[in-house]
Each structure stands twice: as structure tokens, then as C-alpha cells.
1. If you check E55 against the conditions, is it within 22 Å of V193 (Cα to Cα), surrounded by fewer than 20 Cβ atoms within 10 Å (Cβ to Cβ) and free of Cβ contacts under 8 Å to residues at least 40 places away in the same chain?
2. Hey, which of the helices (runs of 4 or more DSSP H) in region 165-256, taking only ones fully inside, have at least 2 residues that are touching a residue at least 60 places away in the same chain (Cβ under 8 Å) and buried (at least 20 other Cβ atoms within 10 Å of the Cβ)?
3. Yes or no: region 97-109 includes at least one residue that is surrounded by fewer than 16 Cβ atoms within 10 Å (Cβ to Cβ), farther than 18 Å from P144 by Cα, touching a helix residue (DSSP H, G or I) at 6+ places or on another chain (Cβ under 9 Å) and not polar (S, T, N, Q).
4. Could you look through region 5-20, keep only residues that are outside any strand (DSSP E or B) and over 11 Å from the mean Cα position of the chain (by Cα), and pick out the one that is nearest to A91 (Cα to Cα)?
5. Could you check how many residues of region 17-49 are in contact (Cβ under 8 Å) with a residue 40 or more places away in the chain, more than 21 Å from F149 (Cβ to Cβ) and touching a helix residue (DSSP H, G or I) at 6+ places or on another chain (Cβ under 6 Å)?
6. Taking only pairs six or more apart or across chains, which ones have beta-carbon atoms under 9 Å, a first residue in region 95-120 that is polar (S, T, N, Q), and a second residue that is outside any loop (DSSP other than H, G, I, E, B) and modelled with pLDDT of 95 or more?
7. Return the residues of region 1-48 that are of a type in the set (G, A, S), over 19 Å from A86 (Cα atoms) and in contact with a strand residue (DSSP E or B) (Cβ under 8 Å, 6 or more places away or on another chain); say none if nothing qualifies.
8. Return the residues of region 257-273 that are of a type in the set (D, E) and surrounded by fewer than 12 Cβ atoms within 10 Å (Cβ to Cβ); say none if nothing qualifies.
Amino acid sequence: MATTARPRRSVLYMPGSNARALEKARTLAADGLILDLEDAVAPDAKDEARRLVVEAVRTGGYGQRELLIRVNSLATPWGQADVAAASASGADGILIPKVESGDAVRLVEAIMAAAGAPADMAIWCMMETPRGILRAEEIATASPRMAGFVMGTSDLAKDLHCAHTRDRLPMITSLGLCLLAARAHGLAAIDGVYLDLNDDEGFEYACRQGLDLGFDGKTLIHPKTIDAANRVFAPSDKEMEWSRKIIAAHAEAAAAGKGVVVVDGKLVENLHVENARRIVALGERIAALTADLTA
């Protein structure tokens, strides 16, 4: 369901029980928002948070930002009501926590259908447990509504008994398995959060590592990190220029009956052109989103 050309450089968690935060989110330059009913909300505030989030989404004012509602697990007293309410909210998708099987996705899908969720409302899955990681492909193919994975690296590190190292070597296998499953089935993949808000250099390093690994963007826990994530995960002017150049050169070669072309001494084949088209499409969507936010 997802198109990976949609900007998802910065996806900010917002506590669903905080009405001021939900209002503030309308002014932030994040590509996407996760309106959270789960970890960020105390048990005695769950029902009120659900009401506030649904009301905020229905009220609108978020422009072209992608809006996901993270629901509570169906194993909790609030999960089913969360999914039903989110289904009728007008959000772009529902984010399910701690997904460990295709059946978990299909159960949410059934509740969405019963609640009248529109056909284009997506399902996203938090990948944050060892069992979930090992079943990444099963989860990726569980429903036509599947749109993407969000890495829950904090919970994953807890379950793996591993350290949060700078290079994240203890989690590289898990990150790679989820990326493989996502890309094999046309899904988006968003990297996990960076917890030290006082370490700007470390945050940027983590963003660049996520970009190098292949993630579309990063989940964030504070608005101060939006600009850095947006900058790192956006195609550079140089990348855009080169992409347009090889698209044009390849089209000219194809018109002349040639399958390959050399541009500035570099061999360009169709696989390079496909990636170039993705980069140009992403850059154009970012420009449109930026224009919308500044209008």
C-alpha cells in the first residue's frame, strides 16, 4: 500500500493525552506524526487520550503530514476501542505495537473493517521484539493494508539484553531483517528513536547510519530533532541534479536504441535510472510538503 517516495524523514511521537502537544504538532515541520495512545499515556488517561486524538485528527489542520495513531495492544482493556475509534478518525493509518505475527495484523484488520475504516487506511507495525523480527516477512505480507514498519529499538534492546552502542552492532541483524522484508514487499521502513536529546552529534550520526542502512526516515521524541532528520534523509541538491541528468541521458539513449549510456564517465543502466526516479519523486514530494507547511 505504501509508496516509499512519500517523505517520511521525520516522524514525531506526540502524547495523545496532551492537548497542547496535539495543537503544537500542527505547526511543526515533521513529515509525519505518531499520535500515541500507548506508551506515552498513563492507564487512567487512556480513554481521554483516545477522545483527544480522534477529535484532533477530525479537526484537521495538519496539512500534508502523514498521521498515524499508535493504539494499545488488543491484549489490553483499551486496544479494541482504540482501533475502532482510530478507524473512523480520518488518520492515514493505525500503528500496532509489539507485532509478533501475521494473525495479529489480520485481527486488527478485521476490527477496522467492522468499524468502517476506509479502504486506503493503512496498517503499520512496530517491530520491537525478537519474535516479531523473526517473523518480519510473515507480518509484511499479512494484509493488503500493510504500509510499513516502525523500529522499536528501545524495547528490542531490552529483550535482546544488548547495549545501545553508537554503531548499533547488536541490533544490525534485526534492522537488516526488517529492511529486507519491507523492501521485498514495497513497504516503508522507519528507524527507531535516539534517546539522548543532549547529544546532537550522536543524533546526526544515528540519522546518517539509518540513511546508509536504507531507512526512509527516523522516529523522533522531541521537536528539536526535526530539522536534522529532515536534512539528513532528504536528497541533496547534488543528488537531485545527478538523478535528473541520468534520467534524461538514459531516455535519449533508449530513443536511439541503446540499453546503456555513459554519463560523466559512469556507466548508467536501467537500475540506476529506477533509483534516480525514486530520488526525484521524493525530492519533489518534499518540496511540495515544505511549500504546504510554509503557506
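1. No: the conditions fail for E55.
2. So the answer is 226-233.
3. Checking region 97-109: not a single residue is surrounded by fewer than 16 Cβ atoms within 10 Å (Cβ to Cβ), farther than 18 Å from P144 by Cα, touching a helix residue (DSSP H, G or I) at 6+ places or on another chain (Cβ under 9 Å) and not polar (S, T, N, Q).
4. For region 5-20, the residue satisfying everything is G16.
5. 2
6. Going by the 9 Å Cβ cut-off, the qualifying pairs are S101/R131; S101/G132; S101/E138; S101/I139.
7. S10, A29, A30
8. Listed by number, the list holds a single entry, D264.
The values are calculated or read from the model by the stated rules, or taken from the named source; none is laboratory data. From a predicted model like this one, the values you see are computed outputs, not experimental measurements. Note that we place each Cβ from the backbone using ideal geometry, even for glycine, and neighbour counts take in every protein chain shown.
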